[in-house]
1. Would you mention how many residues in the stretch A:67-81 are part of a strand (DSSP E or B), among the small types (Gly, Ala, Ser) and either more than 24 Å from residue B:388 (Cα to Cα) or more than 12 Å from chain B (Cβ to nearest Cβ) (or both)?
2. Being within 16 Å of residue B:134 (Cα to Cα) and either in contact (Cβ under 8 Å) with a residue 60 or more places away in the chain or surrounded by fewer than 24 Cβ atoms within 10 Å (Cβ to Cβ) (or both) is the filter here, so list the residues in the stretch B:210-223 that pass it.
3. Can you list the strands (runs of 3 or more DSSP E) lying wholly within the stretch B:144-251 that have 1 or more residues being closer than 25 Å to residue B:101 by Cα?
4. For the stretch B:6-117, list the helices (runs of 4 or more DSSP H) that sit wholly inside it and hold at least 2 residues that are closer than 28 Å to residue B:234 by Cα and out of contact with any Lys or Arg (no Cβ under 9 Å at 6 or more places or on another chain); which are they?
5. Going residue by residue through the stretch B:325-342, is there one that turns out to be polar (S, T, N, Q), within 15 Å of residue B:401 (Cα to Cα) and surrounded by fewer than 18 Cβ atoms within 10 Å (Cβ to Cβ)?
6. So residue B:169 fits all but one of (1) under 20 Å from residue B:221 (Cβ atoms); (2) surrounded by 15 or more Cβ atoms within 10 Å (Cβ to Cβ); what number is the exception?
7. Among the residues in the stretch A:82-91, are any in a loop (DSSP other than H, G, I, E, B) and surrounded by fewer than 16 Cβ atoms within 10 Å (Cβ to Cβ)?
8. Could you identify the single residue in B:273, B:296, B:284 that is of a type outside the set (Phe, Trp, Tyr), outside any strand (DSSP E or B) and buried (at least 22 other Cβ atoms within 10 Å of the Cβ)?
Amino acid sequence: MSVKQISVFLENRPGALCEMTKVLADEAIDMRAFSLAETSEFGIARILVKDVYKAVTVLKDADYITSVSEAVAVAIPDVPGGLHSVIKAVADAGINLEYMYCFLGGKSGKAFLVCKVADVAAAESALSAKGAVLVEQDELAEL
Amino acid sequence: MERYYQPEIETASREQIRAWQDERLVKQVKHVWDNVPYYRKKMEDAGVCPEDIKGVDDIRKLPFVTKADLREGYPYGLLAEDLKNCVRIQSTSGTTGKRVVAFYTQHDIDLWEDCCARAITAAGGTNEDVCQVSYGYGLFTGGPGLNGGSHKVGCLTIPTSSGNTERQIMFIRDLNTTILCCTPSYAAYLGETMKEMGLSPEEIPLKAGIFGAEAWSEAMRQDIQKTMGIKAYDIYGLTELSGPGVAFECSAQTGMHINEDHFIAEVIDPDTLEPVPDGTYGELVFTAITKEAFPLIRYRTRDIVKLSHEPCPCGRTHVKMSKPRGRSDDMLIIRGVNVFPSQIETVLLNKGYPANYQIVVDRVNNTDTLDVQVEMTPEMFTDNMGEIAARQKDIVDGLKSMLGLKAKVSLVAPKSIVRSEGKAVRVIDKRKI
């Protein structure tokens with residue numbers, strides 16, 4: 001079920017992110033979600049795209065270091081407590097959330113949550129059991 | 001079987017070497033006394049005349065020559081021959097101040113090229129080899145020296161000079177280059193590039209490399225050897241003395257044989273100027289006993305090395321010097337601690353990082369700061385911030401135990417540190433002292 005997330009190593013200095021977004025813009029890469037984590041020294045940009053192969057190739061050609069990993073993407077019910085219900089499902093299953101970020105589906109208007117966990121399958125079955133709507137890589141373009 | 005370019009010299013008895021040195025030193029001292037007023041004045045000031053020098057035992061009576069003397073004498077002050085007898089000049093890169101201009105007679109060039117030919121032969125070179133000289137040609141001695149040595153050995157010589165990495169690799173592959181001569185940092189870069197092109201060591205025709213002109217560590221040697229599937233040999237030299245080939249490595253790879261028939265080596269304590277015993281690090285001092293045009297007497301190289309007179313399995317009898325631990329010019333004093341860039345390089349390579357790094361020294365609030373910038377590699381990168389931070393800390397700890405200093409380690413983007421085609425710029429010292 002999961003989605004493929006691209007992580008990109010960035011230096012933490014003015015302009016570093018801009019150089020990378022230019023590469024993506026020049027190659028017309030359509031991003032579905034974007035998140036940036038940083039320390040004082042370096043940062044990691046995390047990106048969801050429809051065509052992972054193309055995005056990784058253009059980044060590599062521009063000398064970026066990337067890694068691709070699986071993450072869980074799940075729709076958040078648009079009601080008070082919607083986020084809590086998703087988080088609780090993961091917590092109840094005893095699964096540790098390494099990090100997470102949200103994005104809005106431009107076409108569906110819905111909010112989605114991307115979760116990084118050690119055991120993707122376990123998290124997905126815990127979420128499915130609670131009736132959560134999971135997103136697959138193939139569905140990203142339609143959101 | 002070990003091959004020698006000049007076996008009767010390279011494997012001569014210690015007594016024979018000593019006899020050559022005694023005779024040539026006496027002659028050389030007389031030559032500079034007669035022809036170089038600057039030397040005569042220095043010797044008079046030190047209260048010594050040519051008659052006092054009867055052999056190597058008397059060498060310590062002679063005054064030292066330093067880079068400051070060369071600067072003062074620029075350009076003709078230390079010239080010992082008529083200009084009409086000189087056929088060439090070469091010049092230093094000027095990395096440590098003003099350029100030095102050195103003069104050569106045809107005889108000087110001939111002996112210099114012999115020294116380089118010894119180095120190429122020691123690296124396994126014969127007239128069946130293809131030798132690509134990727135050192136810079138021109139004022140820099142690297143290209144001309146190895147070029148001449150390669151001719152003497154009879155190798156098919158490809159004078160690519162430095163730079164144009166794509167063309168370098170094209171020649172290596174198309175012309176089946178077997179011996180590569182360049183700086184170690186450029187060798188590492190060529191290796192890295194060939195690896196990126198998907199070439200395995202088996203697909204690279206090279207068998208040996210002769211890499212010098214800058215300090216490099218044993219770990220870097222292992223790295224280069226592995227990437228290109230070659231044996232990497234060190235070579236040492238100074239423009240002031242001739243150029244590459246003053247000393248060179250043999251198959252034992254445990255130090256560089258100094259060509260003692262041309263150069264008398266001493267190692268001294270740089271503070272007390274007293275000689276230190278074999279096996280103890282000190283400053284290397286050279287006397288060129290066969291040079292005609294630009295003969296330096298007791299020249300303080302600022303290179304920190306140790307000597308070994310232990311018999312070498314290769315059969316050469318000339319004394320061996322260790323890799324310079326760093327030029328005393330390269331040595332940084334950070335918070336009162338002596339730091340050589342080569343020590344930092346050793347830590348990084350041992351931990352699997354590339355040889356591309358840069359050291360930035362600054363002074364903030366009257367305290368020296370040491371920032372070691374290391375390039376991130378795909379193998380090191382992970383999506384997990386904690387793991388990356390742990391790797392960073394691992395380098396900090398490694399540096400701390402090597403140097404006794406806390407350094408900052410910055411992981412920088414791949415290829416963001418400028419690759420050098422000549423001497424690598426490893427240190428940026430921003431301190432204004």
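The values are calculated or read from the model by the stated rules, or taken from the named source; none is laboratory data. No experiment lies behind these values; they were computed from the predicted model shown. Counting neighbours? That spans all protein chains shown, and the Cβs are built from the backbone with ideal geometry, glycine included.
1. The first filter runs over the stretch A:67-81 and keeps only residues part of a strand (DSSP E or B), leaving A:67-76.
Pick out the ones that are also among the small types (Gly, Ala, Ser) and you get A:67, A:69, A:71, A:73, A:75.
This time we only want the ones that are either more than 24 Å from residue B:388 (Cα to Cα) or more than 12 Å from chain B (Cβ to nearest Cβ) (or both), so: A:73, A:75.
The total comes to 2.
2. Hits for the stretch B:210-223 are B:210, B:212, B:213, B:214.
3. Filter on the stretch B:144-251 gives B:179-182, B:208-212, B:231-237, B:244-249.
4. Where helices (runs of 4 or more DSSP H) fall fully within the stretch B:6-117 and carry at least 2 residues being closer than 28 Å to residue B:234 by Cα and out of contact with any Lys or Arg (no Cβ under 9 Å at 6 or more places or on another chain), they are B:7-10, B:14-35.
5. yes
6. The single condition residue B:169 does not satisfy is (1).
7. Going through the stretch A:82-91, the residues in a loop (DSSP other than H, G, I, E, B) turn out to be none.
No, there is no match, as no residue in the stretch A:82-91 is in a loop (DSSP other than H, G, I, E, B) and surrounded by fewer than 16 Cβ atoms within 10 Å (Cβ to Cβ).
8. Result of the check over B:273, B:296, B:284: B:296.
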